[in-house]
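The values are calculated or read from the model by the stated rules, or taken from the named source; none is laboratory data. Note that the structure is predicted; figures quoted are calculated from it, not measured. Cβ coordinates were reconstructed from backbone atoms using ideal geometry, including for glycine residues, and neighbour counts include every protein chain displayed.
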Amino acid sequence: MISLFSIASLMKKKSPLVVGNWKMNKTSLEAKEFVSQLVQKGIPEGCRALLAVPFTAIEGAVACASSQISIGAQNMHDQVGGAFTGEISAEMLRVSGAKFVLLGHSERRAYFCETNEWVGKKVEQALLSGLMPILCIGESLEERETGAFQAVLETQLSQCLAFVPEGQIDSICIAYEPIWAIGTGKTATVAMAQEALAYVRQWVSHHFSKECGRKVELLYGGSVTRDNVSSLIAQPDIDGVLVGGASLDLEHWMDILKSVMGELL
Ligand code: PGA
């Protein structure tokens, strides 16, 4: 019998995208070990697995990865080079083997004062350098409770995508991560996640084109686990997930990869 899960998945244009965000965890040695074991266990057929690792772990992880695994970074500067002590450029990441970069994560915005405008410049630079930006957006609990969440998303989208030419919108992923759901164990309900991402898709269709809205890949992030991932991925506007804590543990991560492919149902 064909389940609702497989019908929703079959209707999607691409296979699911599962992105791990390791944050400030794992040394280069630990990253190599993790990725080697992942390759040994085998990524489920058709699944696209991405890992955003610390800068120091990129080269080692790339060296151990298979063609089904892409390694990326968690941040970068918008400038190509110069006197920016402690920063890293898109080109440095690309040459290290990174294929993508998370931009505008709420922890960057909260602890490192990143504004929408700055994130917009980073998105532009990532595209110019051939890295796929994964733009993170999302509202705070207060913004959700006061009903301002769509207005917040609208501001974040319009400022962070301000310099993206129409032809390149399908080289970008957009991750909706409500701040109140990150690392808290509180997942947005499936309906909330779907509603927010349907809004994002509609926004892209309206500001770029219907075709762009159809093509742009949208992720949900915030306390995703092996237990809730299959109901999230079954939603029509959720093309993938962005996973923090649960991506650090190999068994848990493998179960997430299998679940998005319907293998653990
Ligand atoms: P979490 O983190 O899965 O631990 O909530 C998600 C993220 O910060 O991207």
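Could you give every pair whose Cβ atoms fall below 8 Å, whose first residue belongs to the stretch 181-194 and is within 11 Å of the ligand (Cβ to nearest atom), and whose second residue is of a type in the set (Asp, Glu), counting only separations of at least 6 or pairs across chains?
Ile182/Glu107
Restricted to the stretch 202-252, and to residues that are part of a loop (DSSP other than H, G, I, E, B), more than 12 Å from the ligand (Cβ to nearest atom) and among the β-branched types (Val, Ile, Thr), which residue is farthest from Leu161 (Cα to Cα)?
Out of the qualifying residues, it is Ile238.
Which ones in the stretch 27-64 are touching a residue at least 24 places away in the same chain (Cβ under 8 Å) and assigned to a loop (DSSP other than H, G, I, E, B)?
Thr27, Ile43, Pro44, Glu45, Gly46, Cys47, Val53, Pro54
Modelled with pLDDT of 95 or more and loosely packed, with under 15 Cβ neighbours inside 10 Å: which single residue out of Ala83, Ala52 fits that description?
Going through Ala83, Ala52 in turn, just one is modelled with pLDDT of 95 or more and loosely packed, with under 15 Cβ neighbours inside 10 Å: Ala83.
Considering each residue of the stretch 83-129, count those that are away from the ligand (no atom under 16 Å from the Cβ) and either hydrophobic (A, V, I, L, M, F, W, C) or more than 19 Å from Gln68 (Cα to Cα) (or both), and give that number. Lay out the reasoning, then the answer.
Step one: of the stretch 83-129, the residues away from the ligand (no atom under 16 Å from the Cβ) are 83-99, 113, 115-118, 120-129.
So of that shortlist, the ones also either hydrophobic (A, V, I, L, M, F, W, C) or more than 19 Å from Gln68 (Cα to Cα) (or both) come out as 83-93, 95, 98, 113, 115-118, 120-129.
So the answer is 28.
Test Gly167 against the stated conditions and say whether it is modelled with pLDDT under 90, in a helix (DSSP H, G or I) and either more than 16 Å from the ligand (Cβ to nearest atom) or at positive phi (or both).
Yes: the conditions hold for Gly167.
Report, ordered by the first and then the second residue, all pairs with beta carbons closer than 7 Å, sequence separation of six or more or different chains, a first member in the stretch 100-112 that is in a loop (DSSP other than H, G, I, E, B), and a second member that is within 10 Å of the ligand (Cβ to nearest atom) and not polar (S, T, N, Q).
Gly104/Cys136; His105/Cys136
Just to be sure, is Met24 outside any helix (DSSP H, G or I), of a type in the set (A, V, I, L, M, F, W, C) and surrounded by fewer than 17 Cβ atoms within 10 Å (Cβ to Cβ)?
Answer is yes for this residue.
Which one is farthest from Cys47 (Cα to Cα) among residues in the stretch 253-265 that are in contact (Cβ under 8 Å) with a residue 40 or more places away in the chain, away from the ligand (no atom under 11 Å from the Cβ) and among the aliphatic types (A, V, I, L, M)? Give the derivation first.
Of the residues in the stretch 253-265, the ones in contact (Cβ under 8 Å) with a residue 40 or more places away in the chain are 253-254, 256-258, 260-263, 265.
Checking which are away from the ligand (no atom under 11 Å from the Cβ) leaves us with 253-254, 257-258, 260-263, 265.
The next check asks that each one be among the aliphatic types (A, V, I, L, M); those that pass are 254, 257, 260-261, 265.
Details: Met254: 11, Leu257: 7, Val260: 8, Met261: 7, Leu265: 16 Å.
Taking the candidates together, the pick is Leu265.
Can you find, within the stretch 130-154, the residue that is surrounded by the most Cβ atoms within 10 Å (Cβ to Cβ) among those that are in a loop (DSSP other than H, G, I, E, B) and away from the ligand (no atom under 16 Å from the Cβ)?
At the first step, the residues of the stretch 130-154 found to be in a loop (DSSP other than H, G, I, E, B) are 130-131, 138-140, 146-148.
Cutting the leftovers down to away from the ligand (no atom under 16 Å from the Cβ) gives us 130-131, 146-148.
Details: Gly130: 11, Leu131: 24, Thr146: 11, Gly147: 8, Ala148: 14.
Per the stated criteria, the residue is Leu131.
More than 30 Å from Asp227 (Cβ to Cβ) and under 18 Å from the mean Cα position of the chain (by Cα): is that true of Gln159 in this structure?
In short, no.
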